[in-house]
Amino acid sequence: MSRLPDFSFKTLVRDLMYIYGIHPVEELLLTVPEKVLKIFCEDPSATKFAEIRKIAESHGMKFVHADADELDHIAEDGNHQGVVVHTTPFEYDSLDNILRMNANESRACVMVLDQIQDPQNLGAIIRSAVALGVTGIIIPKRRAASVTPAVVRASAGQALKVRVAIVTNIAQTLEKLKKEGWWTVGAAAGEQSTDLWKIDFDMKAALVMGSEHQGLRRLVAEKCDFQVRIPMASGVDSLNVASAASIMLYEVRRQWAAR
């Protein structure tokens, strides 16, 4: 049986990317098989790995047998479901490239995430963003979750299908978006905010979501052309940021489809 090297945590973070779990691994093999270096599996012949086995074989890939303890180690005790893929590090795109992709569009949507720190929230937002046709996601360099294996898993592998750009300053990024013809729409629950469905999204929209605990920072909120709220039943003050992002994205797509 092949044995796995005893990577230190620092080496793991700096040089390697491990994607684990049946659905994320399937998405990785389907989306970017060229990034796969090795597939570690507890029992490649198991029925639950039939689709992974089929895709891997179509690309001439072979499995490396690994027992449960080894998989626990490289997945850092994450729920790997018996399969872990060693892949090249996640590659971020640039903001300029995302803007170029939409330069000639009259309608488009990107998400700007202001200090989302929980990997589960980031993964859930990415999953909704891909499902609802977002062109790209913009995150800050500091005080925010980046695209890690945990985020890929939380997104059910969808993080591998969307362009993600890291920027130094969110407020300055919003200014740049506006200069390029984008309208910035921030999620805020204040009394001065407009109900979400009253905004006409027949435009290039940058949806701006604040952090889990503080929401939009003051300077970021001031850079938004619109501040919107999601009307809710009496007694409910707020939603989880991933849930709020899904609702905002759906409203954008609903309006586009209605046209």
Area of Asp77 that stays accessible when all protein chains are in place (1.4 Å probe, Å², to 10): 120 Å²
For Ala165, distant residues with modelled amide H under 5 Å away: Asp93, Ile137, Ile138, Ile139
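Using alpha carbon coordinates only, what is the Rg to Rh ratio of segment 182-229, with Rh defined as the Kirkwood radius?
Looking at segment 182-229, the ratio lands at 0.94.
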Residue order for Tyr18, Tyr92 - accessible surface, 1.4 angstrom probe, largest first: Tyr92, Tyr18
Stretch gain in nm, segment Asp72-His213, where the contour uses 0.36 nm per residue and the Cα spacing is subtracted: 47.6 nm
Solvent-accessible ranking of Glu180, Glu70, largest area first, probe 1.4 Å: Glu180, Glu70
In Hz, Karplus ³J(HN,Hα) per residue of segment 95-108 (6.51, -1.76, 1.60; θ = phi - 60°; x = Gly, Pro): 4, 4, 5, 4, 5, 4, 4, 10, 4, 9, 8, 8, 9, 6
Heavy-atom accessible area per residue - the chain, 1.4 Å, Å²: 51 Å²
Estimated [θ] at 222 nm from DSSP helical runs (n ≥ 4, -39500 (n - 2.57)) normalised by residues in the chain, nearest 500: -10000 deg cm²/dmol
Portion, in percent, of the accessible area of the chain that falls on carbon or sulfur, probe 1.4 Å: 47 percent
Selected from Ala103, Ala188, Ala46 as most flexible by GNM, with the chain as the system and alpha-carbon contacts under 10 Å: Ala46
Linear extension gain, Leu30 paired with Met232, 0.36 nm per residue minus alpha-carbon span: 68.8 nm
Considering only the chain, percent of DSSP beta bridges that pair antiparallel, nearest 5: 25 percent
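The values are calculated or read from the model by the stated rules, or taken from the named source; none is laboratory data. Keep in mind that what you see is a predicted model, and the values were worked out from it rather than measured. Quick note on the areas: whole protein, heavy atoms, side chains included, nothing else; ligands and nucleic acids left out. Shrake-Rupley method; radii C 1.70, N 1.55, O 1.52, S 1.80 Å.
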